[in-house]
Amino acid sequence: MGRRRLRGHRGDAVGALPEAIAALSQTLPAGPSPEIFRRAKFDRPEAAPALWQLLFRVLSPLPADGASASPASPTSPALEAQVHLVKSALRSQGYPRRALAQLPEDGSQGSRELLLALAWLLARGPLLEQLLAQTRVRLGDEIPLCECEALASAGPLPPRQEADGPVDIRHLQWLMGKLRFQWRNLITSQQEQCALLGKIHSYTRGCHSDRSLGHLSVAETELFRDPEGGRQLLQRLESENARLEAALVWWRQELVFWKWMAGGWGPEWTAVQRASQEAVGRELATLQRAWEQGEALAQTHGPRRLVKRDAGASGGPGLRAAELIGVLRSRETCLEAVLGRLQTRCWQELTRLAGARPGLLWILPPGR
Amino acid sequence: MLPADCSRRLVAELRDALDACAERQRQLERSLRVSRRLLRTWEPETPAAEPAPGPETNEEVPPPACTPSRQELKELELLTQALEKAVRVRKSMSKAGERHKALSLKSGDAATSASTASAPSRASSQAGSQASETKPPRGAHQTTVPARGLPEGRLPSVGDRTRMARGARATKPGPGLRDQQITASAAPQAPEAFTLKEKGQGRPGLCWLPQTSWKPYCLFAAGSPQSEATLSTGFPDSILLKLPMAYRKAASQNSRLWAQFSSTQTSDSRDAATTAKTQFLQKMKMTSGWPGSGLSAAEVEAEVGLLRKACSLLRWRMEEELSADPADWMQEYHCLLTLEGLQAITGRCLHRVQELRAAVAGQQLKPWPEGRCPRASMPCEGRTDSSWSPQLLLYSSTKELQTLAALRLRVAMLEQQIHLEKVLMAELFPLVSTRDPQGPSWLVLCRAVHSLLCEGGERFLTILRDEPAD
């Protein structure tokens, strides 16, 4: 019904609107139907819970393994908790409108504001790309190269029992020792994993249909061992493909959506619309700068599929391990220098403080 | 004893660090389990104990156990003959349409019967026979394939491989259905599967499970009319497997779609959409109902991070310049210009820091409640321009990969250490200054602080009282 009304008003271009919204919805996790979107624009209360849930899914961090992104997760919290989280998340990301914070906690109202919030998230950055990248089916073997991966997959911290009372400093020393030991273990395990990967890559050389890869990854080799898992992988791949195709449809048609969002909100917008025309040029430039202000080591971000290739083999796309090793070595040197400087500063400070008690010999440990 | 609030904070920090490390370890263990399990089927001589042998950094050198001796070569040759015979028999089988001719195994001459000979077998690779040859991975043992038509569908065992058997390690025989389906196949469709295992010898082979609905693939049978695969002849150390068609199609479609992500970034409709989005954002800002510069806590944090990196890079560069010894006036001039440039950049960064500080103070931005979450929704900001499809990281040897991974971990560890160092400095130095130096615990505290802050907790100093000799 609403569809017909919209068509009547705005002509052919809007016929594409439900299609665009449907594509958007399919790309998003837990995306509601286009009808919900339409109702939200009219601030209908029945659209609110679905939009709260959508925003919650979009804004909350993924579980640890990241792969189990099923919409009906049994552990998703109650609506009130979701509302609370969405509000604080948007606030901390800089959502500019106060109206959101004032919506009731039971999630019964505010669909229009939520629709604005969603559009704001979409307009600000590559939200869809990031969501899809987070849940991407990983077919290759990857080594985590940047902290973003480690942090993103850590998930929310479990509440911890804090030590309440005063603690002996030796407990701290013990914890430090434990940490050092854990790192050593980690490095050993990592070395083993690399050796195993190397073997698997060698053994499956020539087996991959994609020549540029040349060998299978662990996940692909697992297909042979575990067909049930293989079926599940195939399902996940196919559903991801469907989402990707929906995303491409969305991008082709999103202008329609933005035009829809631009009009018909009410009198508060008209004055603003005039003012915003002038600022557009400046804003574009600022946005562009924000993207360009990437880090010098941008290429070390993001997961990369490991491919074993003989050293003599000619070029082709892909980052060479040797290059990355060079980058990491210089980073290591830089960090070691920083740590060394800090430790020297500490030593100087301690020396100064130790002057308060003369008559003592401070014998440094060997090797310093 | 440290005061309670200080204790709480420090213990919390250290436990955070331990948790982060433990999480990495857990993920690594998961991957290790999978990899070990896979390799166990290829390399049964890997010790059965879970802690697999130390990383073989030099994979190009086969472990001594794999160097074939004369005896082994002889056996391998016998095996190859048996395989060839099996292929001939099989050809005649399919011609004659006989489906239940049993190929028996003789235990003693190391013959195997194979409907489809697909054992990853060192034998064939070493012996170098042609058609029935399959190139196994290094270290894989010859295993048998069950013959079709064996009445009970049991796996025959190869008698002779005791020398290479690895003890009585019981192999998982796998679900019984494998056996049945093995006996059933023979039709001119893709081969279902066959387990390559020896019962009782404890030598598992590769396990290709038959799933007719899952588009069976496995492979590499020499001369088998049903085989989908071709033999590998150029890779003595690898086996040839072929992934199922459905998977290949889905995977290639997947990478194609991801590749289209970056290509859709630049087009006219995208520009129009970008303009519309910018206008929308502008409107949102103007109807905010809130005063202030509109910077979010996440944005401030991100920018502070960049500035911090800038600071350390600038300092490092400056120290480099200051420690350099200019040989002539040109170099000195170059040095001077660099330092002046660094000073200008530093000034701008400082200015930005002050702006950010003012913005934060003015807005009273609340940090994200759970501490780590902002990252989760906006990972890797530096990646917006690059392609979203998974990119490749090419390595040429296991050693290189290990070096890379170790360096990566070392960098992460150093970053954590630096963070902890700063936290400990901030908490412990005030304690040392405020505690009474003549008190009993002061020396203990100093010694511990020195160890933690100056030696990374690894070494301790000794304090001696310097008694004047009377």
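Look at B:PRO437 and say whether it is within 7 Å of chain A (Cβ to nearest Cβ), more than 43 Å from the chain's Cα centre (by Cα) and assigned to a loop (DSSP other than H, G, I, E, B).
For B:PRO437, the condition - within 7 Å of chain A (Cβ to nearest Cβ), more than 43 Å from the chain's Cα centre (by Cα) and assigned to a loop (DSSP other than H, G, I, E, B) - is met.
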Output the number of the condition that A:GLY302 fails; it satisfies all remaining conditions of (1) modelled with pLDDT of 80 or more; (2) in a loop (DSSP other than H, G, I, E, B). (1)
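Residues to consider are A:LEU139, A:LEU55; find the one that is in contact with a Leu (Cβ under 9 Å, 6 or more places away or on another chain), outside any loop (DSSP other than H, G, I, E, B) and either at pLDDT 85 or above or within 7 Å of another protein chain (Cβ to nearest Cβ) (or both). Explain how you work it out, then say what you get.
Details: A:LEU139 fails: outside any loop (DSSP other than H, G, I, E, B).
Answer to the selection: A:LEU55.
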Could you count how many residues in the range A:117-145 are out of contact with any helix residue (DSSP H, G or I) (no Cβ under 7 Å at 6 or more places or on another chain) and farther than 24 Å from A:GLN232 by Cβ? 4
All helices (runs of 4 or more DSSP H) inside the range A:165-269 with 3 or more residues being under 30 Å from B:LEU14 (Cβ atoms): A:169-203
Within the set of pairs 6+ apart or on separate chains, which have a first residue in the range A:243-262 that is at pLDDT 90 or above, a second that is surrounded by 20 or more Cβ atoms within 10 Å (Cβ to Cβ) and among the hydroxyl-bearing types (Ser, Thr, Tyr), and C-beta atoms under 7 Å apart? A:ARG243/A:THR27; A:ALA246/A:THR27; A:ALA247/A:THR27; A:TRP250/A:THR27
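When you scan the range A:223-238, do you find a residue that is aromatic (Phe, Trp, Tyr), more than 30 Å from B:GLU458 (Cα to Cα) and either touching a Gly at 6+ places or on another chain (Cβ under 9 Å) or facing chain B (nearest Cβ under 7 Å) (or both), even just one?
yes
Hey, can you tell me all the residues within the range B:444-470 that are assigned to a helix (DSSP H, G or I) and facing chain A (nearest Cβ under 8 Å)?
Within the range B:444-470, B:VAL444, B:LEU445, B:CYS446, B:ALA448, B:VAL449, B:HIS450, B:SER451, B:LEU452, B:LEU453, B:CYS454 qualify.
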Looking at (1) out of contact with any strand residue (DSSP E or B) (no Cβ under 7 Å at 6 or more places or on another chain); (2) more than 7 Å from every other protein chain (Cβ to nearest Cβ); (3) at pLDDT 90 or above, find the lone condition where B:MET425 falls short. (2)
Please work out if A:LEU339 is at pLDDT below 90, within 7 Å of chain B (Cβ to nearest Cβ) and surrounded by 13 or more Cβ atoms within 10 Å (Cβ to Cβ). no
Flag for B:LEU307 being at pLDDT 80 or above, at negative phi and assigned to a helix (DSSP H, G or I): yes
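The values are calculated or read from the model by the stated rules, or taken from the named source; none is laboratory data. Keep in mind the model is a prediction, meaning the values are calculated, not measured. Backbone-built Cβ (ideal geometry, glycine too); neighbour counts: all protein chains shown.
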